[in-house]
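The values are calculated or read from the model by the stated rules, or taken from the named source; none is laboratory data. Computed from a predicted structure; not experimentally measured. Because the Cβ atoms are built from the backbone with ideal geometry, glycine has one as well, and the counts that use them run over all protein chains shown.
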Amino acid sequence: MNTRAAQGFRHGGDVVCVVRGLTKTYPAVRGRRGVPATPEVRATDDVELDIRRGEIFGLLGPNGAGKSTLVRQLTGLMRPDRGSVRILGHDIVRHPERASRILAYLGQESTALDDLTVSLAAETTGRLRGLDARRARGERDDVLDELGLAPLAGRPLRKLSGGQRRLACFAAALVGRRPLLVLDEPTTGMDPVARRAVWSAVDRRRAEHGATVLLVTHNVIEAETVLDRVAVLDRGRVIACDTPSGLKEQVAGEVRVDLVWREAAPLHVPEVAALRDRVVESGRRWTLRLAPEEARTVVATVTGGAAFAALDDFTLATPSLEDVYLALGGAVRQGLVKA
Ligand SMILES: Nc1ncnc2c1ncn2[C@@H]1O[C@H](COP(=O)(O)OP(=O)(O)OP(=O)(O)O)[C@@H](O)[C@H]1O
């Protein structure tokens, strides 16, 4: 277990959010003239989760996996077809209006705040969450300083860059502290300085106030460094849930081989052509996940003989969370993991 995970469990290990059997199907839409019909989509399928106090819990999954649908149900914005959500003892399916009192939600859109200045967006959020005017202004100033937003305080959100607007919305979400932060892709469009400010602000809320964080993300590499535990979602189902290191152990027997070709891969070399079905291609880069012995053979093949002239670079690496994610997704599609 990494140190962050250890910290998460040290916060008592009690469960803040309990999800059972959560299922939501978007109905089919009948096609009209010129517009094709859309079939029904089961966006969340019998989802079960336990999120513990003080942990940074990640929801990871490809586009359309059901992450936003799940989060909308957890935050009381969408009613599930069936299943239950309890957050800090509150039944959110029966009482969705209670969600706003116990959690802060940073969605993907900022339209509601766009006409306000950065300062007013933060202050108004504080007031709406029940702070008196003095407290709201005090917390606003602290958060804007903490995130380096003071120089932009007087600017309306709609006149900011995408990354700045995202940071301003994040700042507003922090005012009027809530014990659970639900952040949907919080760092999208941000530069490295802003990203770092976000992660240290999240960490501080957890360390100083025992806040719990549910983080939706695509960014597997970034997620690996901040998450205590992660649930991998695929076509509405949780296909794995563990610490990043626990998940990595699932593919511990494998090595990642990256081959970068000078131009195209030399498919006239039979050993190279034989690998084609097993690679993930990205431009001139081929990525393979192989057993260590096999990886050695592949490296020997491409660094000697006819393929070598076509090779620009190669690396061998132990698996990352991204490899786990790809391995699990691939396994589901091939029917190796029960989906
Ligand atoms: N309002 C809707 N009506 C019908 N289908 C929808 C609706 N919203 C989402 N879906 C479908 O439900 C599935 C899950 O979508 P969702 O937006 O929850 O995925 P996601 O994991 O958040 O994706 P992304 O990473 O792209 O944001 C997808 O197949 C999507 O096309």
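For segment 221-238, which positions are within 13 Å of the ligand (Cβ to nearest atom) and more than 11 Å from the chain's Cα centre (by Cα)? Passing the criteria: 234, 235, 236, 237, 238. Pairs meeting the criteria (first residue in segment 114-130 and closer than 20 Å to residue 103 by Cβ, second residue among the aliphatic types (A, V, I, L, M) and in a loop (DSSP other than H, G, I, E, B), beta carbons under 6 Å, at least 6 apart or on different chains) are 122/175; 125/175; 126/175.
Quick one: would you say residue 271 is touching a residue at least 24 places away in the same chain (Cβ under 8 Å) and closer than 30 Å to residue 310 by Cα? Yes, satisfied. Of the residues screened, residue 193 is not one that is in a helix (DSSP H, G or I), surrounded by fewer than 22 Cβ atoms within 10 Å (Cβ to Cβ), more than 16 Å from the ligand (Cβ to nearest atom) and within 16 Å of the chain's Cα centre (by Cα). Restricted to segment 244-311, the set of strands (runs of 3 or more DSSP E) holding at least 1 residues that are touching a Pro at 6+ places or on another chain (Cβ under 9 Å) comprises 255-261, 285-290. In segment 198-223, the residues that are farther than 14 Å from residue 52 by Cα form Cβ pairs under 6 Å with partners that are more than 16 Å from the ligand (Cβ to nearest atom) and of a type in the set (Gly, Ala, Ser), at six or more places apart or across chains, as follows: 205/211. For segment 146-173, the tally of residues that are more than 22 Å from residue 185 (Cα to Cα) and without any contact (Cβ under 8 Å) to a residue 24 or more places away in the chain stands at 2. Residues in segment 36-88 that are exposed (fewer than 14 other Cβ atoms within 10 Å of the Cβ), within 16 Å of the ligand (Cβ to nearest atom) and in a strand (DSSP E or B): 38 alone.
Take the conditions surrounded by fewer than 19 Cβ atoms within 10 Å (Cβ to Cβ), of a type outside the set (Ser, Thr, Tyr) and away from the ligand (no atom under 16 Å from the Cβ) and apply them to residue 210. Does it pass?
Numbers: surrounded by fewer than 19 Cβ atoms within 10 Å (Cβ to Cβ): yes; of a type outside the set (Ser, Thr, Tyr): yes; away from the ligand (no atom under 16 Å from the Cβ): yes.
Considered against the rule, which asks whether it is surrounded by fewer than 19 Cβ atoms within 10 Å (Cβ to Cβ), of a type outside the set (Ser, Thr, Tyr) and away from the ligand (no atom under 16 Å from the Cβ), residue 210 comes out as yes.
Of the numbered criteria (1) of a type outside the set (Asp, Glu); (2) out of contact with any Ser or Thr (no Cβ under 8 Å at 6 or more places or on another chain); (3) part of a helix (DSSP H, G or I), the one residue 188 fails is (3). Close contacts from segment 52-69, counting a first residue that is farther than 20 Å from residue 221 by Cβ and a second that is modelled with pLDDT under 90 and part of a strand (DSSP E or B), with Cβ to Cβ under 9 Å and a gap of 6+ residues or different chains, come to 66/234. Note on segment 89-110: among residues that are part of a loop (DSSP other than H, G, I, E, B) and within 16 Å of the ligand (Cβ to nearest atom), the one that is farthest from the chain's Cα centre (by Cα) is 110. The condition of being farther than 21 Å from residue 201 by Cα and surrounded by fewer than 21 Cβ atoms within 10 Å (Cβ to Cβ) holds for only one of 132, 145, that being 132. Looking at the structure I just gave you, is residue 310 buried (at least 17 other Cβ atoms within 10 Å of the Cβ), over 30 Å from residue 198 (Cα atoms) and at pLDDT 85 or above? In short, yes. The single residue among 113, 120 that is buried (at least 16 other Cβ atoms within 10 Å of the Cβ), at pLDDT below 95 and away from the ligand (no atom under 16 Å from the Cβ) turns out to be 113.
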